[in-house]
Amino acid sequence: MTATPTPKSIWQHLPQPLAEILHAEQGPLTRELLLAPGQFGLGKVPAKQAPDATTNMVCGYCATGCGLKVHMRDGEAIGLTPTTQYPVNLGMACPKGWEALEVLKAPDRATTPLLRNPDGRLEPVDWETALSKMVAEFQRLKAESGPESVAFLSTGQIPTEEMALLGAVFKFGMGFVHCDSNTRQCMATAATAYKQSFGFDAPPYTYADFEESDALIFVGSNICLAHPIMWERVMRNKRRPEIIVVDPRRTETAMNATQHLAIQPKSDLVLFYGIANQLIERGWIDHDFIAAHTSGFHEFAEFVRQFPVDVVLERTGLTSEQLERFVTTIHEKERVSFWWTMGVNQSYEGTRVAQALINLVLMTGNIGRLGTGANSITGQCNAMGSRIFGNATNLFGGRDFLNADDRQDISSMLNIPVETIPQQNSLAYHEIVEGILRGKIRGLWVIATNSAHSWINQEHFRDVIDRLDFLVVQDMYSTTETAQQADLVLPAAGWGEKEGTVINSERRIGLFKKVAKAPGQALADFYIIKSVAQAWGCGEMFAEWTSPEAVFRILQRFSAGRPCDFSGIEGYRQIDEAGGIQWPYPSTEADDSTERRLFAEGQFFHADGRAKFLFDPPRPMPEPPTEEFPFVLLTGRGTASQWHTQTRTAKSAVLRKLYPQAVYVEIHPEDARRLKISPQSWVEVSSQRGTLQARAFVSPTVQPGQVFIPMHYAETNRLTDSVFDPYSKQPSYKACAVRVRPWSGSVPSSRHS
Ligand SMILES: Nc1nc2c(c(=O)[nH]1)N[C@H]1C(S)=C(S)[C@@H](COP(=O)(O)OP(=O)(O)OC[C@H]3O[C@@H](n4cnc5c(=O)[nH]c(N)nc54)[C@H](O)[C@@H]3O)O[C@H]1N2
Ligand SMILES: Nc1nc2c(c(=O)[nH]1)N[C@H]1C(S)=C(S)[C@@H](COP(=O)(O)OP(=O)(O)OC[C@H]3O[C@@H](n4cnc5c(=O)[nH]c(N)nc54)[C@H](O)[C@@H]3O)O[C@H]1N2
Ligand code: SF4
Ligand SMILES: [Mo]
């Protein structure tokens with residue numbers, strides 16, 4: 001592999017069905033133009049400025065965790081190329097990675113704290129004023145309404161050290177109880193499923209499994225555009241694998257698959273229970289593995305008898321040939337791996353769907369071996385760090401706030417009074433929102449997430465946060481939808497402007513480095529949180545937490561003896577030199593270069609060492625289509641060049657060329673014809689909760705009766721419905737009922753155009 005992407009991979013990152021819209025919007029954006037990456041200036045280092053040094057670090061967008069080689073001059077970054085030797089990406093990067101430095105220079109970077117003045121305008125103030133105002137307001141609320149009166153919402157996109165400091169300062173120092181992070185929107189289901197099934201939140205795989213599997217089954221995962229470099233790893237698989245995609249839409253990934261099972265939305269549970277039933281009936285299961293390493297199989301086998309083939313075909317809309325081929329593939333292939341992402345996690349029964357996949361690998365013995373596993377692909381660069389060290393629902397290192405021994409452990413390691421550790425769990429994200437609605441929570445601190453765009457059912461959410469006594473938003477940009485509603489904005493340094501570690505999807509700890517100076521008075525979140533602690537009067541408690549690396553050492557202590565043990569790492573330098581290190585890496589481990597896969601010995605983390613078969617009866621969709629709202633709305637990622645709420649990716653001129661600027665809706669040609677909707681025309685999409693106008697993208701990529709809108713546009717979550725998985729409390733973003741009509745008003749202006 002070379003440092004330059006092949007032309008093919010650049011082209012591949014533009015989802016081909018979208019070329020039509022791009023053409024209409026931006027003129028003839030030809031394939032030839034895309035085939036010449038230089039035209040876009042990707043990775044261009046100015047000719048006059050030869051670099052005098054280079055350094056490697058990991059990307060700060062998705063959980064793939066690619067290595068990027070930053071070219072420096074006089075101590076400042078001047079360009080980047082993907083790192084060739086990094087074990088994750090082997091010299092490749094997607095457009096977001098290539099453009100990562102560009103977005104740091106945007107004119108709307110927050111450069112000074114901003115405080116809302118009596119006229120309602122945000123006005124620059126110095127740090128001292130900002131911090132004393134924040135502390136005064138939060139202390140007033142605590143005095144008036146107690147320790148449950150202020151909450152924070154945080155992220156999977158800052159280093160673990162910053163997350164851990166935040167969780168410790170807020171709970172142990174400031175004495176509050178409730179916090180959650182945007183990983184609730186994203187990974188809570190996978191975390192809960194693993195914890196219940198395996199006894200610890202532990203994705204078992206390593207990326208080499210993409211290359212070593214004989215059948216890769218992607219469920220609710222559009223890996224081609226959401227994790228393009230993982231997809232490149234799949235393309236390196238030399239075993240001629242079957243690639244099976246289970247997704248209601250004909251996504252870019254489905255187009256590249258050998259089998260596409262375009263199931264009806266939310267019929268996954270019936271499908272996978274039905275497959276389990278087929279495998280059991282035919283005796284295609286691994287009796288030895290089940291007997292030695294699992295519990296609950298007999299109850300499960302009895303339960304799935306309710307899902308014979310006709311029930312599965314009826315609910316999923318598949319043909320018997322499709323189902324037969326799928327079941328046979330699972331049986332015949334030596335190494336079978338299941339991979340899932342948001343099509344599973346973001347569902348009202350997501351935890352059980354994830355466990356239906358886990359059950360399949362347990363009963364067929366497809367775990368702990370090369371090219372196997374029930375593998376959740378994570379989303380944000382540090383979703384894994386947030387899950388283990390966010391201190392939100394778990395006490396540090398996957399411990400339990402409700403367990404006295406666990407609290408004692410942490411209090412001894414930190415040398416702080418055990419009473420400072422809450423004896424209750426934090427409320428989950430939507431419970432925090434309800435708490436605000438009921439007036440129980442009056443102050444909110446939002447760090448590195450843009451809730452006023454990304455949270456479900458926005459009309460409701462914005463109304464709720466309007467009721468807060470005091471809203472603090474800590475972000476790189478002062479223009480985010482959430483910052484615009486804040487009473488106080490704290491300017492944060494971003495990726496590339498600070499150091500720390502993140503944990504990728506295969507549990508690899510990678511390093512962020514400081515290669516650029518943050519603009520104006522913006523500070524790394526680490527130092528903002530330290531300053532808040534100081535201003536609050538609890539700074540002493542964190543005397544040992546002097547720098548990100550000092551905190552890394554504290555986290556190593558928290559991890560020791562736990563399944564996520566990484567106490568053997570010598571420090572940042574070893575991570576840098578080894579090209580990242582996967583946990584577990586206990587102090588007895590000597591080799592930092594091996595690929596680490598979990599459960600090779602069939603030992604799981606429950607007390608009896610066994611994995612559990614867990615299941616529930618499938619439930620009907622909470623909001624099925626009706627006569628008034630006859631379509632199912634699916635939402636998700638739109639292109640490889642758009643990141644979430646677009647605060648970062650919209651700032652790159654290169655990336656802006658690679659996605660439609662205004663919100664669009666994918667609708668099937670039959671539905672479009674019936675409703676007299678022509679391609680590229682404007683339509684109105686409404687749900688019981690809100691309305692938006694979008695450009696029609698008429699395409700058979702969606703099934704009749706279904707439409708798809710990407711999440712990157714602020715309007716999308718006006719439509720979605722506040723429904724949650726009962727175990728993980730993750731929002732069900734992926735299915736609600738909507739109506740679509742032609743729209744003849746004047747073309748709405750988009751924030752991104
Ligand atoms: N370019 C880009 N990459 C990203 C991100 C980004 O914003 N932009 N975000 C990152 C993050 S945080 C995340 S979490 C990941 C998300 O990565 P993915 O989960 O792969 O992306 P999504 O498009 O949200 O959802 C995946 C698929 O689920 C399907 N789906 C919807 N309903 C169902 C259903 O009922 N059953 C099944 N089987 N499938 C269904 C949708 O049609 C969609 O194609 O991407 C990460 N990578
Ligand atoms: N309808 C629908 N909605 C969805 C989804 C969906 O599929 N459909 N997916 C959900 C998922 S999986 C996710 S992960 C969420 C993502 O939702 P968000 O987390 O709200 O999305 P981002 O745009 O990544 O927001 C991150 C914010 O942090 C800021 N930021 C970046 N780096 C830093 C930093 O170092 N420090 C600080 N202080 N700020 C920083 C950015 O400017 C940005 O404002 O969206 C969810 N919403
Ligand atoms: S695939 Fe993910 S980690 Fe790799 S360059 Fe793209 S955004 Fe960054
Ligand atoms: Mo996510």
Of the residues A578, A518, T546, the Cα lying farthest along the dipole of segment 511-586 towards its positive end, which is defined by charges on the beta carbon of Lys, Arg, Asp and Glu, belongs to A518
If each K or R counts +1 and each D or E counts -1, the residues other than V327 whose Cβ falls under 13 Å of its Cβ total -2
Pseudo-spin-label distance E601 to T54, built 7 Å along Cα→Cβ, given in nm, is 4.1
Counting only DSSP beta bridges fully inside the chain, the antiparallel percentage to nearest 5 is 50
Taking Lys and Arg as +1 and Asp and Glu as -1, residues besides A215 with C-beta under 14 Å from its C-beta add up to -1
Expressed to two decimals, segment 631-751 has a Cα Rg over Rh, using the Kirkwood radius, of 0.97
With x for Gly and Pro, the residue-by-residue ³J(HN,Hα) of segment 550-558, computed from phi through the Karplus equation 6.51 cos²θ - 1.76 cosθ + 1.60 at θ = phi - 60° and given in whole Hz, is 5, 5, 3, 5, 5, 5, 4, 5, 4
Expressed to one decimal in nm², the mean projection of the alpha carbon convex hull of the chain is 30.9
Beyond 22 Å (Cα-Cα) in this structure, taken from K96/K729; K133/K729; K266/K729; K238/K266; K105/K498, we find K96/K729; K133/K729; K238/K266
Partner lysines whose C-alpha sits under 18 Å from that of K171, ignoring same-chain residues fewer than 8 away, are K142, K440, K530
Karplus-derived 3J(HN,Hα) from phi for segment 650-661 (6.51 cos²θ - 1.76 cosθ + 1.60, θ = phi - 60°), whole Hz, x at Gly and Pro, runs 5, 8, 9, 4, 5, 5, 4, 6, 9, 8, x, 6
Expressed in angstrom, Rg and Dmax over the Cα atoms of segment 188-376 are 15.1, 41
For the chain, the dipole about the Cα centre with charges only on Cβ (Lys and Arg +1, Asp and Glu -1), to the nearest 20 debye, works out at 1440
Net charge (Lys, Arg +1; Asp, Glu -1) of residues whose beta-carbon lies under 9 Å from that of P422, P422 excluded, is +2
Expected sort for 268-281, 108-121 on mean C-beta neighbours within 10 Å, highest first, is 268-281, 108-121
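When ranked by the protection proxy of mean other Cβ atoms within 10 Å per residue, highest first, what sequence do the peptides 214-222, 637-645 form?
Top to bottom by mean Cβ count within 10 Å: 214-222, 637-645.
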HN-Hα couplings for segment 238-254 via Karplus (6.51, -1.76, 1.60; θ = phi - 60°), in whole Hz with x for Gly/Pro, come out as 9, 8, 6, x, 6, 10, 10, 10, 10, 7, x, 9, 8, 6, 4, 5, 4
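Just so you know, all these numbers are worked out from the coordinates, no wet-lab data involved. Quick caveat: nothing in here was measured; it's all calculated off a predicted structure. No Cβ is skipped: glycine too gets one built from the backbone with ideal geometry, and neighbour counts run over all protein chains shown.
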